[in-house]
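The values are calculated or read from the model by the stated rules, or taken from the named source; none is laboratory data. Bear in mind the structure is a predicted one, so any value in this text is a computation, not a measurement. Note that each Cβ is placed from the backbone with ideal geometry, even for glycine, and that neighbours are counted across all protein chains shown.
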Amino acid sequence: MERMGSPPQIRGTCMEMCPEGELLLRQREGLLHRFEIVEGSKGKRPLADPLKTVKCFARPAAGMPPAAPSDLRPKEVLLNTVKYLMNLCNDASNAWEVFEFVTDRLRAIRQEMTILRVPPEYCLILLQPMMRFHIVYGYILSNHSRYDNTLNLAHLNECLHKCLDCLEVCPSTCDICVQHILNIYVSMNLNNPESVIRIIDKMPNQKIDLKLLNCWSQKNFIRVFHLAAKLEVIPKIAIYSLLIKIRDECLKNICIGFNSVNSKFSIKRLACMFSYNTVEDVKKHLTRLGISFNEDFAFFNCKDLIQNPGSPVNYRWWAIDSEHCLKSPRDLLLGNFACDCHKS
Ligand SMILES: [Zn+2]
C-alpha cells in the first residue's frame, strides 16, 4: 500500500540484467567489460552478450529526468542479477577483476533499489549476499596493491546499515537472517560497545552471544582471539581487521608492563596468545614496533618502542585460511543457510 502524499511507486519493466539502450551504447562505444562480451568476439568493438551484460553504476546527474521504467529492473530481476554476480565469484585466480566488476554492478543495484522503493523484507534478501561479498573479498584482496580498504568498508557499511534499518521495520524477519546480520554487526563493532548495545536493545527477542563483546570490554584480548577463531566464517572474517589492530596494542602493553633491560618473553608463546600464523609473523610485527628479539625471545624494553609505526601489516590468519569455502566463495556468498529466504 502506498502512503498518502508519497510519489507513486515506479515499476521497472526491464527484464534483462542490462537495459537494451545501455547495452547498445556501451557496445558502440567499446565500453563493455571482458566479462560481458560474446565469447570469441574480438577487436575494438566486441559484441555484448545480453546474458552476461550487467547495468553499470552511474552517478545521478543533477537536473536529469527520472529514469524511464524501461531502464529499471523489477526486484525479481535485481535478485537474479545479484545471484548471477555471486556466481562469478567461483575462482580465486581473477579475484581483483571479479571484485571491481561485481562491486560496481552491486552499487547500481542498490541505487535502483532506492529508486524502486523495494520493500524492506526483499531488500534484506538482496543486501545479505552483497554484505558477504564485501567482507570476503576484503580479506581475499587485503594485500592486493590496488585494493582500497576504506572504499570497500564504505560499501560494506552501507549494506549493513541498510539491513539494520530494514530489520527495524520487519519484525517478522526469520531468526537465522537476523542473527547473521547482528553477528556481523557485533564482529565489526566490538570497539564500539555503546553502538552494539543500542542495536541489540532494539531486537529484544534475539539471543546474541555477548561473550566476545564482554571480553573485549574487559581487554581480555587473549580470550578474544580464542573466541574469534571459533566464529562462523563470515563474522570471523569481519572481526579480523579489528584483531590486527589490537595486536599492536597488546604488544605495546606487554612491552610497557614487562619493561626492563633484562626482560624476555617467548616468541612462540606470543604467537599462540595472539593467534599469529607463524613465529616469523610475530618477528615481523616486533620489528615493525621496534621491539628487539633473538631466535626464541622478544626483549621488552620501552625505550625501543616506535610510537607511530603506521598502519598494521595485514597478515593472513590461519583460522580463516583453513576455511576451504574461500577457495571458491560463491556458495558462501549466496548463503546456503538453514533458512529458505535466499532460495526464492
Ligand atoms: Zn532467513
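Scan the stretch 218-241 and tell me whether some residue there is within 16 Å of the ligand (Cβ to nearest atom), of a type in the set (S, T, N, Q) and surrounded by fewer than 20 Cβ atoms within 10 Å (Cβ to Cβ). Scanning the stretch 218-241 turns up no residue that is within 16 Å of the ligand (Cβ to nearest atom), of a type in the set (S, T, N, Q) and surrounded by fewer than 20 Cβ atoms within 10 Å (Cβ to Cβ). In the stretch 327-340 there is at least one residue that is aromatic (Phe, Trp, Tyr) and within 16 Å of the ligand (Cβ to nearest atom).
Condition check ((1) at pLDDT 90 or above; (2) among the polar types (S, T, N, Q); (3) within 29 Å of Thr53 (Cβ to Cβ); (4) assigned to a helix (DSSP H, G or I)) across all residues:
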position	(1), (2), (3), (4)
Leu85	yes, no, yes, yes
Phe101	yes, no, yes, yes
Met113	yes, no, yes, yes
Val118	yes, no, yes, no
Leu153	yes, no, yes, yes
Glu168	yes, no, no, yes
Val178	yes, no, no, yes
Ile181	yes, no, no, yes
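Does Lys83 count as among the charged types (D, E, K, R) and within 20 Å of the chain's Cα centre (by Cα)? Spelling it out, Lys83 is indeed among the charged types (D, E, K, R) and within 20 Å of the chain's Cα centre (by Cα). Considering only residues of the stretch 105-117 that are within 17 Å of Glu16 (Cα to Cα) and not basic (Lys, Arg), which is surrounded by the fewest Cβ atoms within 10 Å (Cβ to Cβ)? This residue is Gln111. Considering the stretch 89-104, the residues that are surrounded by fewer than 20 Cβ atoms within 10 Å (Cβ to Cβ) and touching a residue at least 60 places away in the same chain (Cβ under 8 Å) include one that is farthest from Glu76 (Cα to Cα), namely Ala92.
In this structure, Leu251 qualifies as surrounded by 19 or more Cβ atoms within 10 Å (Cβ to Cβ) and not hydroxyl-bearing (Ser, Thr, Tyr).
If you go through the stretch 163-184 one residue at a time, how many are more than 16 Å from the ligand (Cβ to nearest atom) and out of contact with any Pro (no Cβ under 9 Å at 6 or more places or on another chain)? The total comes to 0.
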